[in-house]
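Each remark here refers to the structure printed beneath this line.
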Amino acid sequence: MALGDSLTVGESEFDSSDSDEYVSYPRYLESLAQQYLNSQTPRSEIEIKVVNKGVNGELTAGMLERFSKDVIAERANCVIILGGTNDIGWNLDPTTIASNLGTMYDAALSSGIIPVACAIPSILGFDELIPPRLSLNRIIRAQAEKRSIAFVDLFAATADPQTSRLSEQYSADGLHLTGKGYERIAKCIFNNWLRALLDK
């Protein structure tokens, strides 16, 4: 299960690639995982499904409110949680955002669901919104370490290391991503978490 906001939904209208296809990281991730499974001959009959539970414009409070219905009740095996970008846009404190995320990690664990904590990507054109992102991501990493759950650093994967801004090659409008950006996120999640899970 992929839970989040528009960065999870995917934004075909912002895609600057030459493809008109709808793009999202869950779609790319599902394809990567299935290709990997198919390459493992003894397990090629297994089918993997990544369900997109993103909602445009959503805050972490909204994600938390629907967590029971959209994740627990759906009996997900795993849930990738990517949220906080919109909260920061509304000037919410990183500790408040992290509290909502932490409650979701705990709810997943209590229900036997594997949670994956994701750092939120950077932004391009709004430098004042980068420091709170970095602050939130540090807390997310600490929460993941405390709970011994996977942490995937999507900020580092998509930011320019010299400026900490969202890399231009991945930016569609400064906030949302291009197809390459969503593909990059999917590869990061796959390489840093899902592949190891599939090998178990």
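The values are calculated or read from the model by the stated rules, or taken from the named source; none is laboratory data. Remember, it's a predicted structure, so these values are computed and weren't measured experimentally. All Cβ positions, glycine included, derive from the backbone under ideal geometry; neighbour counts span all protein chains shown.
Quick one: would you say Asp127 is surrounded by fewer than 14 Cβ atoms within 10 Å (Cβ to Cβ), more than 22 Å from Leu197 (Cβ to Cβ) and in contact with a Lys or Arg (Cβ under 9 Å, 6 or more places away or on another chain)? It is true that Asp127 is surrounded by fewer than 14 Cβ atoms within 10 Å (Cβ to Cβ), more than 22 Å from Leu197 (Cβ to Cβ) and in contact with a Lys or Arg (Cβ under 9 Å, 6 or more places away or on another chain).
Tallying residues that are assigned to a helix (DSSP H, G or I), touching a Ser or Thr at 6+ places or on another chain (Cβ under 8 Å) and either hydroxyl-bearing (Ser, Thr, Tyr) or buried (at least 20 other Cβ atoms within 10 Å of the Cβ) (or both) within segment 167-185 yields 6. Scan (1) modelled with pLDDT of 95 or more; (2) part of a loop (DSSP other than H, G, I, E, B) for the single condition Lys69 breaks and write down its number. Result: Lys69 fails condition (2) only. For segment 46-90, the set of residues classified as crowded, with 17+ Cβ neighbours inside 10 Å and of a type outside the set (A, V, I, L, M, F, W, C) consists of Asn52, Lys53, Gly54, Glu58, Thr60, Asp70, Gly83, Gly84, Thr85, Asn86, Asp87, listed by residue number.
In the set (1) of a type in the set (Asp, Glu); (2) in contact (Cβ under 8 Å) with a residue 24 or more places away in the chain; (3) over 21 Å from Arg27 (Cβ atoms), the condition left unmet by Glu74 is number (3).
Under the condition of being part of a loop (DSSP other than H, G, I, E, B) and in contact with a Leu (Cβ under 6 Å, 6 or more places away or on another chain), the residues counted in segment 24-47 number 1. Within segment 78-130, the set of residues being under 24 Å from Glu168 (Cα atoms) and among the charged types (D, E, K, R) comprises Asp87, Asp127, Glu128. Every listed requirement among (1) under 19 Å from Thr158 (Cα atoms); (2) surrounded by 21 or more Cβ atoms within 10 Å (Cβ to Cβ); (3) at pLDDT 90 or above is met by Ala33 save one, (1).
Does segment 117-133 hold any residues that are in contact (Cβ under 8 Å) with a residue 24 or more places away in the chain and closer than 16 Å to Trp90 by Cα, and which are they? So that I can check it myself, show each step before the final result.
Step one: list which residues in segment 117-133 are in contact (Cβ under 8 Å) with a residue 24 or more places away in the chain, which gives 117-127, 129-130, 132-133.
Passing the criteria: Ile120, Ser122, Ile123, Phe126, Asp127, Leu129, Ile130, Pro132, Arg133.
Within segment 139-166, being touching a residue at least 12 places away in the same chain (Cβ under 8 Å), of a type in the set (Gly, Ala, Ser) and not in a helix (DSSP H, G or I) holds for Ala150, Ala159, Ser164.
Consider segment 92-116 and keep the residues that are surrounded by fewer than 17 Cβ atoms within 10 Å (Cβ to Cβ) and in contact (Cβ under 8 Å) with a residue 12 or more places away in the chain. The one that is nearest to Pro26 (Cα to Cα) is Ile114.
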